[in-house]
Structure formats: structure tokens, C-alpha cells
Amino acid sequence: IVVTAGTITDDIDIALGSGSQISGTVTQDSGGAPIEGIHVEVWSANGQLLAWAGTDASGDYTINETFAAGLYFVKTWNDLGYINQLYDGVPCAFCVATDGTPLVISADEATYEIDFFLTIGGLISGTVTDDTTHANLENIGVHVHDLAGNWIQSTGTDVDGNYLMKVGLPSGSYFTRTSNGQGYVNEVYSDVPCIGVCEFESATPIGVTAGSTTTGIDFALIQGAKISGTVTDAISGLPIDDSDVVIVTASGRVAAGARVRSDGT
């Protein structure tokens, strides 16, 4: 479109197709009670999130988007303790939308009814404390990964150091780890230090059974060492800001880093 200052470029018309819609109902098991607050997501064939909607008190949802003819993938997400699903009826912990069954939308205008029947999953809980003082640690991140190392969910500890994962897990084995900015050395369960990117080769898998909570997955963290210093110009001695200092492990992996302040510290 060529636009000239002082003039109006008209007749720039766009003809929109009506497209198709996606709606449905989410219940607890087939024919069970409706579930409110479940996210239902629509993804493109190349793995891009296109739209989502939440279920209401009746378990109903309608995606406020229309879709042209093509292949789409539909999945749920929730932190209400239910096991998420890929369309069509595939339970999952780490859900890649395009691993599901594609929904084929034709060129004809239509409403596609996509229902989900979710079951209660397994949960993980525990406490995080200071290994020396045994004080409960608040605001420590705790994360769950599957056996392939894929991240599934995260939460944080409360004022009493307790945490509870709220995304329902299918029965199986999982890993947990911590993250924090409070000066503690992070760990992978059980008692495996985690410096930089956590590795799970020496970790203890945690067994989870759908419908129950695996308790006692606790962490006792130790205070780590800290490094500080100054970055200056070797000739003038003036501070060099707008730069970073990183700590690298012996294997070449970045473990931590800090931004240099304006005074070079």
C-alpha cells in the first residue's frame, strides 16, 4: 500500500471468511461433575499457541477465535490437581500440543465440540529448610521434571517452608529440584548439589500415584560461597560498567553471573 502525505488512500478492502469455532465441556471423568477453571488451548500445526479459554461453572468453554481450514491441536492446562490431556483423550504431564491428534477443520463454517474428561492426578509435597539452623525457608522455588528432564511445573515454599505441587501427575516417576536467590546451594532430590543447569543422572526418582500425594520430598539446603570484586580499566583504573561477570564450572558450564554496577563492583 502506497501512502502519500496529505491524501487518503481508500479502497483498501479486506474480505474476511467466517471460519469455524471450537467449544466444548470439561468434566471429571466421563459423565462426571463439570470442572471450572480449566484452560483449553488451541495450537497451530507448527506449535504456536493461537488462543485459549477457561471453563465456566458448568465446565463449558468457547474459544473466542475463528479458525480457517487446516490442522490444529487442542490441549488442557490446569493447576487444580487434574491430569492434563491432549486431544483426543491422551493424558500427559509434559504436554507438547503437537504430540496429540490433530483436529481437522474444513473450509465449511462449523462449531467443533471438543470435550475433555479429566482424572485426578498425583501430587508432590515437602518442606525446605536450612541444613545448619533447620529454619524453614520461604520463597524457595521447587520444580518437577519428567525422567527425560522436561520441566513440568513449579511452585514456591510458603512461610513455613512447605510446598505442594498443584498440577496433577500421571502415575510414574519424576525428579524435583530447587531454585533460589537467597544464597543457598540448590539441590536435586535427594541431596545432589545443582550448580547452574541441574543434571539428573545422580538424582533419586520420586514415585507418584494418581489420586494421592507423595509427601516428604524435603530439601535441606546449605549456604553457598559468594564472589565479589571490581572491574576496572587496566590503564586508567576507571570502573568499567555495562558488563557481566560469570562463574564457569570446570566442565565449561555457566553456573552463575552478575551485572557490573556503574562503580565497577
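Numerical summary
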quantity: Close pairs (6 angstrom Cβ cut-off, 6 or more residues apart or separate chains): among the aliphatic types (A, V, I, L, M) in the range 155-182, open to solvent by 40 Å² or more (accessible area, probe 1.4 Å) anywhere; calculated: VAL159/GLU138; MET165/THR155; VAL167/ASP79
quantity: Residue satisfying condition, being modelled with pLDDT under 90 and loosely packed, with under 13 Cβ neighbours inside 10 Å, within set VAL254, VAL246; calculated: VAL254
quantity: Which numbered condition ARG177 fails, given (1) out of contact with any Gly (no Cβ under 7 Å at 6 or more places or on another chain); (2) more than 30 Å from VAL90 (Cα to Cα); (3) at pLDDT 95 or above; calculated: (2)
quantity: Residue selected from the range 78-87 under the condition open to solvent by less than 40 Å² (accessible area, probe 1.4 Å) and in contact (Cβ under 8 Å) with a residue 24 or more places away in the chain, by the criterion farthest from ILE105 (Cα to Cα); calculated: GLY81
quantity: Count of the range 25-40 residues which are part of a strand (DSSP E or B) and open to solvent by 30 Å² or more (accessible area, probe 1.4 Å); calculated: 4
quantity: Residues satisfying the stated conditions in the range 214-231, i.e. among the hydroxyl-bearing types (Ser, Thr, Tyr) and loosely packed, with under 15 Cβ neighbours inside 10 Å; calculated: THR215, SER228, THR230
quantity: 1 or more residues within 13 Å of VAL128 (Cβ to Cβ): qualifying strands (runs of 3 or more DSSP E) within the range 158-265; calculated: 162-164, 172-179, 219-221
quantity: Residue check, THR157 open to solvent by less than 10 Å² (accessible area, probe 1.4 Å) and polar (S, T, N, Q); calculated: yes
quantity: Strands (runs of 3 or more DSSP E) within the range 86-155 that include 3 or more residues aliphatic (A, V, I, L, M); calculated: 103-105, 123-130
quantity: Members of the range 63-74 that are hydrophobic (A, V, I, L, M, F, W, C) and open to solvent by 70 Å² or more (accessible area, probe 1.4 Å); calculated: LEU71
quantity: Filtered residues of the range 184-197 (kept if open to solvent by less than 40 Å² (accessible area, probe 1.4 Å), under 18 Å from ALA225 (Cα atoms) and under 22 Å from the mean Cα position of the chain (by Cα)); calculated: ASN186, GLU187, CYS194, GLY196
quantity: Residue match in the range 119-136 (condition: β-branched (Val, Ile, Thr), surrounded by fewer than 19 Cβ atoms within 10 Å (Cβ to Cβ), in contact (Cβ under 8 Å) with a residue 12 or more places away in the chain and more than 24 Å from PRO205 (Cα to Cα)); calculated: yes
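Table: residues versus (1) surrounded by 21 or more Cβ atoms within 10 Å (Cβ to Cβ); (2) touching a Cys at 6+ places or on another chain (Cβ under 7 Å); (3) outside any loop (DSSP other than H, G, I, E, B).
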residue	(1), (2), (3)
VAL42	yes, no, yes
GLY47	no, no, no
LEU50	no, no, yes
ALA57	no, no, no
TYR61	yes, no, yes
THR76	yes, no, yes
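The values are calculated or read from the model by the stated rules, or taken from the named source; none is laboratory data. Nothing here was measured: the structure is a model prediction, and the numbers come from that model. Cβ atoms come from the backbone with ideal geometry, glycine included; neighbour counts cover every protein chain shown. Surface accessibility is based on the protein's heavy atoms, side chains included, excluding ligands, DNA and RNA. Shrake-Rupley method; radii C 1.70, N 1.55, O 1.52, S 1.80 Å.
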